[in-house]
Amino acid sequence: MNDTEIEVPEGLERMDGASVEAEDALLDTTESFEAAVAGLQERLDAARGGVQGSDDRACVRAAQRAREDVADLDTPALSRYQRRAALEEAAGDVTAAFETGIGADARAYLGFLAGSTITLATGAGEAKAATVRVEGATGGAAAASIDVVAAPGSTLDLAISLNAEDEDANAAEGTAAGGGCASADGGADAAEPTRARGLIGSALRVFAGANARVNVTVYITADSAFTVLDDAGYVLDEGARVTVRHVVLGGAHTYTGLAADLRGDTARMDIDTRYLASGSESRDFNYVIRQRGRRTISNMDANGVLTGSAKKVLRGTIDLVHGCKGSEGAENETVLLASRGVDNKTVPVILCDEDDVAGNHGATIGHVRPEQLFYLGCRGLSEEAAEALFTAAKLEDAALSAPDAEMRENVLRLGRALIDGFGDIEDEDFEEDAA
């Protein structure tokens, strides 16, 4: 993940912590992610006449000659990245180009922990829903491996819960296993980083067929004794629409990675990320969207709150690949730095190798201003109480929009550990919002 070193606790016991809630028809299938990608490859090859290596651009010739170690002063010099990208574009191989946000090593590790893959496949025109839960335990490592194959014209709503409760957590009032709302200058949390004693994760591959709709919601509600890996890769056929919602609220160290290949014309990808990091927790996000089809659209939107001495890095890359004429990509982040001790990094990147495209990015990063703290202080709120207000707002929003009651209760558990008196949300409010 762009040279990020993922911290995996030592001595963990492999556990079976994954469960799936879905209709038998979704699970009883002979479809596979590999077969769906192969079918897309056949259609793409047929559309371009089955001609391999027909791209005669100067950059492609340069990459080919560099691979063959042939010196040629008449072709441009390319970086290693440019050579790889040029060869990948010329080959047009969907399988070879497939990637996930964290990478192959993390995907293999999560697959090993899962043991087997859950395959969810819809029929043409169907509308289905499924929920996958991963429950962690201190001293253990658990994960789910999930493949989704959405048939043409179908709709699938998938909810993934990555939850873990620290059974050995300190029960001291107002703290949660090294988390908690620290003082505005970092407090005690700044002295000792949060150390994980367990791991949970998920590895997700999604193939969205022509004109299919796939909606994925991931809730991460682990206590601060856990490392969390959330890795995903998407392939979108013509006219497919995929919406991903990431809600990252807990975990000592969380790593969220997503890579999407908008291969078909008019495909669309929307990513909505909401996160909270408190105490000495860390959040790492890596999003890569490669727009290869014509008139494709991508949107990344992130909104988060950092408190205590928390750290966060968000990398968002939109790659407007040669041939994606008429495509648009946009990424935006809004982050509130509620304490002076936090560390925030926002890294938006837009790559472009095509004309007649549009790429936009922006970030709004703000501190709580002294005059705002003064205003709250005049009304009896300390800096710590003001910080708790921002934390509570993020948690309440996540609870009210949770996919089901169990995920909502996981959010409330985190909130009660962080904030005294949190969780007084009426059931009718939740049901009304969900409706």
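Quick notes on this one:
- Subset of the stretch 1-37 [open to solvent by less than 50 Å² (accessible area, probe 1.4 Å), farther than 14 Å from I200 by Cβ and among the small types (G, A, S)]: A22, S32, A36
- Residue within the stretch 237-256 that is buried (at least 24 other Cβ atoms within 10 Å of the Cβ), on the phi < 0 side of the Ramachandran plot, more than 15 Å from the chain's Cα centre (by Cα) and without any contact (Cβ under 8 Å) to a residue 40 or more places away in the chain present: no
- Boolean, E135 is over 22 Å from D223 (Cα atoms) and charged (D, E, K, R): no
- Output for the stretch 1-49, where each listed residue is over 23 Å from the mean Cα position of the chain (by Cα), part of a loop (DSSP other than H, G, I, E, B) and among the small types (G, A, S): G11, G49
- Residues that are surrounded by 24 or more Cβ atoms within 10 Å (Cβ to Cβ), within 21 Å of D343 (Cα to Cα) and polar (S, T, N, Q), drawn from the stretch 260-317: S278, S280, T307, S309
- Test for N215: is it of a type outside the set (F, W, Y), in a strand (DSSP E or B) and closer than 17 Å to T155 by Cα: yes
- When the criteria are applied in full, T221 fails the requirement of being assigned to a strand (DSSP E or B), closer than 20 Å to S309 by Cβ and open to solvent by less than 10 Å² (accessible area, probe 1.4 Å).
- Candidate set: the stretch 50-76, residues that are assigned to a loop (DSSP other than H, G, I, E, B) and of a type in the set (A, V, I, L, M, F, W, C); chosen: the one modelled with the highest pLDDT: V70
- Subset of the stretch 271-324 [among the charged types (D, E, K, R) and out of contact with any strand residue (DSSP E or B) (no Cβ under 8 Å at 6 or more places or on another chain)]: R294, R295
- Residue within the stretch 77-88 that is within 26 Å of D157 (Cα to Cα) and aliphatic (A, V, I, L, M) present: no
The values are calculated or read from the model by the stated rules, or taken from the named source; none is laboratory data. Quick caveat: nothing in here was measured; it's all calculated off a predicted structure. Glycine also receives a Cβ, built like all others from the backbone with ideal geometry; neighbour counts cover every protein chain displayed. Only protein heavy atoms, including side chains, enter the accessible area calculation; ligands, DNA and RNA are left aside. Shrake-Rupley method; radii C 1.70, N 1.55, O 1.52, S 1.80 Å.
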